[in-house]
Amino acid sequence: MSQEPRRLSFGMSPCPNDTHAFWAALHGEVRVDGFALELAMLDDIETLNRRATGHVGARLDVTKLSVPALARVVDDYAVLDAGAALGLSCGPLVVQRGDESRLRADPERSLAALRGRRIAIPGQNTTAYLLFLMFAGAEFEFVPMRFEQILPAVARGECDAGLVIHESRFTYKQLGLACAADLGELWERATHGPLPLGLIAIRRSLGLRAHAAVSRLLNASVLRASARPLDARAFVRQHCLEMSDEVCDRYIALYVNERTVDLGTSGRAAIDAMFQRGRAMGWLPAGRSPWIDDA
């Protein structure tokens with residue numbers, strides 16, 4: 001008789017890319033010997049970040065994290081090679097009221113014109129916020145709020161601009177807003193590589209065997225979702241009721257890609273580049289490598 005697998009607590013967002021990519025692993029449709037994942041937290045990325053950094057509840061065994069959050073807990077967590085949200089033309093946007101064709105013609109000038117203004121951000125541990133600091137600096141009045149509150153706050157004039165992530169990049173025009181800068185484009189122009197938005201990390205104390213097994217499990221889960229996408233549809237739709245099917249499908253297509261299956265050389269290089277740049281600019285704390293094999 002086979003031994004019961006060790007169940008590891010798992011945290012992810014309710015966004016379509018996560019529910020799509022990890023449905024098979026969470027529902028026993030794919031398995032690995034010795035370990036299984038148990039969904040312990042389903043919440044927005046900043047809440048997951050705050051839990052890992054010790055602000056909300058006990059730390060999870062395996063969790064989705066933004067790069068800045070991982071940098072702050074890198075002694076305790078290492079990146080897995082599967083499950084990441086990392087790609088091209090998928091970065092956070094800075095949106096405001098105005099004429100998009102004029103604003104986007106010179107994004108650096110548009111960002112400079114916002115200095116000293118109120119900027120709504122999805123949290124100070126997010127990759128989006130780190131990118132904003134890298135390309136615009138810190139001379140702003142930042143207003144943290146949940147990501148789904150940002151567009152309404154900008155549309156009502158409560159903030160001068162907002163840093164938007166997730167499905168907001170598809171829907172900001174519906175509220176009469178314009179994109180002033182695509183931070184993903186600025187990153188890709190500066191590094192010539194993909195943008196690492198969200199990573200899956202595992203507690204280092206679980207050891208190399210767990211690290212390898214969970215990587216295989218998530219790899220198999222993403223491949224299963226790619227091969228049979230309709231199998232996960234009910235689970236995906238359960239957690240994104242406010243999205244249309246079209247937006248939901250565009251979201252998955254944008255954030256679930258070959259680097260979600262496996263980071264590969266380019267994915268690892270992009271994560272290293274963000275760590276190095278963030279640390280060199282003083283926006284990330286100094287520390288060890290995010291990789292288990294560099295420990």
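A short reminder: the numbers here are calculations on the coordinates, not readings from a lab. Just so it is clear, the structure is predicted and the values come from calculations on it, not from any experiment. Note that each Cβ is placed from the backbone with ideal geometry, even for glycine, and that neighbours are counted across all protein chains shown.
Between THR171 and GLU4, the modelled labels are 4.1 nm apart [label points 7 Å from Cα along Cα→Cβ]. Normalised Debye scattering of segment 100-240 at q = 0.10, 0.12, 0.16 Å⁻¹ gives log10 I(q)/I(0) of -0.48, -0.66, -0.97, counting only Cα atoms as equal scatterers and leaving out solvent.
Which shape class, rounded, prolate or oblate, goes with the chain when its Cα gyration tensor gives a ≥ b ≥ c as root eigenvalues, a/c under 1.5 marks rounded, and past that a/b bigger than b/c marks prolate? Provide the component values of the computation, followed by the final result.
Working: a/c = 1.96, a/b = 1.49, b/c = 1.32.
Cα axes put the chain in the prolate bin.
Sparse packing (at most 16 other Cβ atoms within 10 Å of the Cβ) combined with a DSSP loop state is found for the following GluC sites (Glu not before Pro) in segment 161-249: GLU242.
About its Cα centre, what dipole magnitude does segment 1-124 give when the only charges are +1 on Lys and Arg Cβ and -1 on Asp and Glu Cβ, stated in debye to the nearest 20?
640 debye
When +1 charges are put on Lys and Arg Cβ atoms and -1 charges on Asp and Glu Cβ atoms, the dipole computed for the chain relative to its Cα centre reaches about 360 debye. Take the Cα of THR265, go 7 Å toward its beta carbon, and none of the backbone nitrogen atoms of segment 64-105 fall under 11 Å from that spot.
Calculated on the Cα set of segment 1-146, radius of gyration then Dmax: 18.6, 67 Å.
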